[in-house]
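See structure below.
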Amino acid sequence: MKPSDPVLEDVNARQHQFEALTRAHAADLFRFAWWLCGQEALAHDLVQETMLRAWKNIDSLRDADAAKPWLLTILRREHARLYERKRLDLVELEDNVPENAAWADPERQGRTAEIRRAMWKLPKKYREPLLLQTLGGFSCEEIAAELGEKPGAVMTQLFRARQQLKALLDDDREAAHGLS
């Protein structure tokens, strides 16, 4: 019987930890990425980049309970890098696809699409904390730390985001029914 190789055992432990992270959080990461960028292919790319960065830095994750916020932070930063570097020249092909196409993404239809369109109308300072709370499950304190704000300011932004979102949805509903 050969003695076990400590380096190999360490790699296997890291790989198992990473696989568990991927299984547990991939769907949430994709959903958050899709809400950030609005494009399925780009959302998949963001998740891939996030997971690559997470794999490279898996040793910095000390607390398994902090995994989801850690991954969402990486994803937000990856999304921001797209615009900082201006390395992508995106062409909007989706504008040419009819909304009622049989293969259209169900997320783009119905109430979800209505909410998504309204959320994109919110100023970024309100949209981002709302997304972090609703999709990321972050607390006010975590959002404040992530955005470099005070918790009271985040609570105010969340309150105003909800008020504006409700008003936008009411306006859209009235316009759809010819009441405006």
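Against the criterion of being outside the structural domain of residue 39 (by TED's automatic domain parsing), under 17 Å from residue 33 (Cα atoms), within 17 Å of the chain's Cα centre (by Cα) and at pLDDT below 85, residue 135 qualifies.
Checking each residue in the range 16-63 for being among the acidic types (Asp, Glu) and either assigned to a helix (DSSP H, G or I) or surrounded by 15 or more Cβ atoms within 10 Å (Cβ to Cβ) (or both) picks out 19, 28, 40, 45, 49, 59. Is it fair to say residue 163 is loosely packed, with under 13 Cβ neighbours inside 10 Å and at pLDDT 85 or above? Taking the combined requirement at face value, the residue satisfies it.
The values are calculated or read from the model by the stated rules, or taken from the named source; none is laboratory data. Keep in mind that this is a model prediction, so the values were computed, not measured. Neighbour counts run over all protein chains shown; Cβ positions are idealised from the backbone, glycine included.
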